[in-house]
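All remarks here apply to the structure that follows.
The values are calculated or read from the model by the stated rules, or taken from the named source; none is laboratory data. Predicted model, so just to flag it, every value in this text is computed and none were measured. Counting neighbours? That spans all protein chains shown, and the Cβs are built from the backbone with ideal geometry, glycine included.
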Amino acid sequence: MANKLYVVDGSHPCATVERALTLKGIPYKTVELLPPMHAPITKALFGVRTVPAIKFEDGTKLSGSRAILAELERRVPEPSLYPSDPDRRAAVDEAERWGDEVFQSIPRRLLWPALKRSPKSLPSFTVNAKLPTPAPLLVAMAPGLTRIECKMNQATETAVRADLLALPAHLDKIDAWIADGTLGDEPPNAADLQILPSVRLLMTLGDVRPLIEGRPVADLVARVLPPAPGAVPAGVYPAEWLPAPATATP
Ligand SMILES: N[C@@H](CCC(=O)N[C@@H](CS)C(=O)NCC(=O)O)C(=O)O
């Protein structure tokens, strides 16, 4: 029996765990579930609604990207996902925690309302799915699917507007971590693997991409992760909801 990783195609915390499994050279198979039906299935199998979730060959079951990365580190210590220096380790732990508890929800809250406003964009996110759904069917399902996902992720208009306004400060924080060496390790550390898939998913949103392009984090995403499918054109959010892109300092 192989290690089985339960995922939703395109999910950023699932990408975190997949990249960590590959880095560690741990063989695994993916079990792809369709959102939002994955939530009751993972709840029944793991006691928690969310993906990623993993069932190891020895029968151990675990949910949550951070918990899974810590377990992978325990099972296969090298290459390590965490620095050995105690100060650097504390910084990486804090960035990983923030990436999971604060930042990770933002792409979910911004993506589903964007797809609600641009249902034709939904098929572009599924080109790598193992469970292919015909594009016309996906577009027809989009209103119902995006309504449920917006509700599940509390992606209200108020939340979207607050997330958009807060985004430049979050990106400044990430760029500062790159500047002080907390992020950008080679091979990537646990905080890189937690935060960068969220940034990559944000970059699929045409309204948000200009806020990220040209920043150090955009280069780091390109270095660490393969490109992700999916594109929502600019203009789905009213212009007055969007903060101004950062201007380059001379
Ligand atoms: N922060 C957790 C949660 C992950 C999470 O929320 N995953 C989403 C998909 S990207 C999910 O399964 N949502 C279903 C739900 O909230 O019921 C982690 O990193 O594992």
* Mind listing whichever residues of region 224-243 are in contact (Cβ under 8 Å) with a residue 24 or more places away in the chain and either surrounded by 20 or more Cβ atoms within 10 Å (Cβ to Cβ) or in a helix (DSSP H, G or I) (or both)? => Val224, Gly230, Val232, Tyr237, Trp241
* Determine which member of the set Pro79, Pro83 is at pLDDT 95 or above, in a loop (DSSP other than H, G, I, E, B) and within 16 Å of Val17 (Cβ to Cβ). => Pro79
* Filter pass, Asp85 being at negative phi, surrounded by fewer than 16 Cβ atoms within 10 Å (Cβ to Cβ), of a type in the set (Asp, Glu) and out of contact with any Phe, Trp or Tyr (no Cβ under 9 Å at 6 or more places or on another chain) -> yes
* Asked: Any residue at all in region 31-53 that is assigned to a loop (DSSP other than H, G, I, E, B), exposed (fewer than 15 other Cβ atoms within 10 Å of the Cβ) and touching a Phe, Trp or Tyr at 6+ places or on another chain (Cβ under 9 Å)?
  -> no
* Asked: In region 109-122, which residues are among the charged types (D, E, K, R) and without any contact (Cβ under 8 Å) to a residue 60 or more places away in the chain?
  -> Arg109, Lys116, Lys120
* To do: Scan Glu101, Glu149 and give me the residue that is acidic (Asp, Glu) and free of Cβ contacts under 8 Å to residues at least 12 places away in the same chain.
  => Glu101
* Structure fact -> Within region 131-145, the count of residues that are within 16 Å of the ligand (Cβ to nearest atom) and closer than 21 Å to Ala15 by Cα comes to 1
* Has region 36-57 got at least one residue that is over 16 Å from the mean Cα position of the chain (by Cα), of a type in the set (Ser, Thr, Tyr) and either in the same structural domain as Pro229 (by TED's automatic domain parsing) or away from the ligand (no atom under 14 Å from the Cβ) (or both)? -> no
* Asked: When only residues in region 169-213 that are small (Gly, Ala, Ser) and over 18 Å from the mean Cα position of the chain (by Cα) count, which is nearest to Pro238 (Cα to Cα)?
  -> Ala169
* To do: List every residue pair whose Cβ atoms sit under 7 Å apart, with the two residues 6 or more apart in sequence or on different chains, where the first one lies in region 156-169 and is in contact (Cβ under 8 Å) with a residue 24 or more places away in the chain and the second, anywhere, is among the β-branched types (Val, Ile, Thr) and in a helix (DSSP H, G or I).
  => Asp163/Ile106
* Structure fact -> Output for Cβ contacts, cut-off 8 Å, separation at least six or different chains, first residue closer than 20 Å to Gln104 by Cβ and touching a residue at least 40 places away in the same chain (Cβ under 8 Å) in region 44-56, second more than 13 Å from the ligand (Cβ to nearest atom) and not aliphatic (A, V, I, L, M), reads Phe46/Lys61; Ala53/Lys61; Ile54/Asn3; Ile54/Lys4; Ile54/Tyr28; Ile54/Lys61
